[in-house]
Amino acid sequence: MDISGLKYVIFDWDNTLAESRSTLVLVVNQVLKEYNLPDWEQVKCLRDPNLSFRDNFPRIFGEDKALQAYERYAALYPQVVSSHIKTFPYVQEVLNYFKSRGIPILIMSNKDRRLLELELPMLFDKALFSRIVCGHEAPRDKPAPDQIYYTLQGLLTPEEITPQSVWMVGDSPMDSTAAKLANAKAIRIGCPIWGDDENQDKKIEYFDDFASFYKSLKADNT
């Protein structure tokens, strides 16, 4: 975990920096109930693991109702998020570590910007982050590499992205796939929010939690 050549570190948001699944499930269950559909545990099997939560709405609610259902979700979400959202132990220490060493921290998420920017100040000082990219802003979202190229636009060319210069820290195969396709270092922390996973991959650095990630950073960069 040598940071001597590291130019940018990119973090996923949901289930990486923010524990937002509790809010998501609470709100989507309310919307499902309004549409007379089964709860999330029963309908989540319909989702495509290569699509974002928002982009799975047509698969769950139907093409004709997806937009309306998502807008209802987006309207309900702010009403409950402050009571449920939290971060994970040692996330702040990791962010402070990179900041203290002058390594710019970026957020790259498939999440709706309206919701991410609502949550962000509940957990962190926005000044920690040099750039924030959200869903539907790049030509293609994760797991395509486009979102990494878009996040680094004006900072590094695609040819300048290497596992030494750019790290992508996330919880899911979507994050690590995007990183590998863009030639960034893929770092996985914890378990994926939806339970999707690939086999252990030697090109991915796996950590159980942010405490072990922090310990490794400090041990390898004295």
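The values are calculated or read from the model by the stated rules, or taken from the named source; none is laboratory data. Predicted model, so just to flag it, every value in this text is computed and none were measured. Don't worry about glycine lacking a Cβ; one is built from the backbone with ideal geometry, like all the others, and counts go over all protein chains shown. In case anyone asks, the SASA skips ligands and DNA or RNA and just uses the protein heavy atoms, side chains included. Shrake-Rupley method; radii C 1.70, N 1.55, O 1.52, S 1.80 Å.
Figures for the structure shown
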| read-out | value |
| --- | --- |
| Between helix 173-182 and the chain: long-axis angle, C-alpha atoms, 0 to 90°, nearest 10 | 50 |
| Acute angle (nearest 10 degrees) that the helix 21-34 long axis makes with the longest principal axis of the chain, alpha-carbon atoms | 20 |
| Mean separation of Cα contacts under 8 Å, 6 or more apart, over the residue count of the stretch 25-73: relative contact order % | 31 |
| Accessible area in the full protein assembly, largest first, 1.4 Å probe, for M122, M108 | M122, M108 |
| For C191, solvent-accessible area (1.4 Å; no DNA, RNA or ligand), Å² | 100 |
| Rounded to 10°, Cα long-axis angle of helix 210-220 versus longest principal axis of the chain | 10 |
| Reachable lysines, given that their alpha-carbon falls under 25 Å from the alpha-carbon of K111 and they are not under 8 places away in the same chain | K7, K33, K44, K65, K86, K99, K126, K142, K180, K185 |
| Among D141, D39, D14, residue whose mean-square fluctuation peaks in a GNM of the chain (springs only between Cα atoms under 10 Å) | D39 |
| Residues with amide H under 5 Å from that of Y206, placed H, sequence gap 5 or more | R188 |
| Nonlocal amide H pairs with R131, under 5 Å, H built at 1.01 Å | I107 |
| Most fluctuating residue given options L156, L46, L76, as computed from a GNM of the chain linking Cα atoms under 10 Å | L46 |
| Heavy atoms of S22: accessible area, 1.4 Å probe, square angstrom to 10 | 60 |
| The stretch 68-141, relative contact order [Cα under 8 Å, separation at least 6], % | 34 |
| Carbon + sulfur, % of accessible area of the stretch 68-188 - ligands and nucleic acids excluded, 1.4 Å | 52 |
| Solvent-accessible ranking of K44, K65, K215, largest area first, probe 1.4 Å | K215, K65, K44 |
| Relative contact order of the chain, pairs being alpha-carbon contacts under 8 Å that are 6 or more residues apart, as % | 25 |
| Low-density loop cleavage sites - trypsin sites (Lys or Arg not before Pro) in the stretch 106-213, where at most 11 other Cβ are within 10 Å (DSSP) | K202, K203 |
| Simple label model, 7 Å out from Cα along Cβ direction - Q153 to S212, nm | 3.7 |
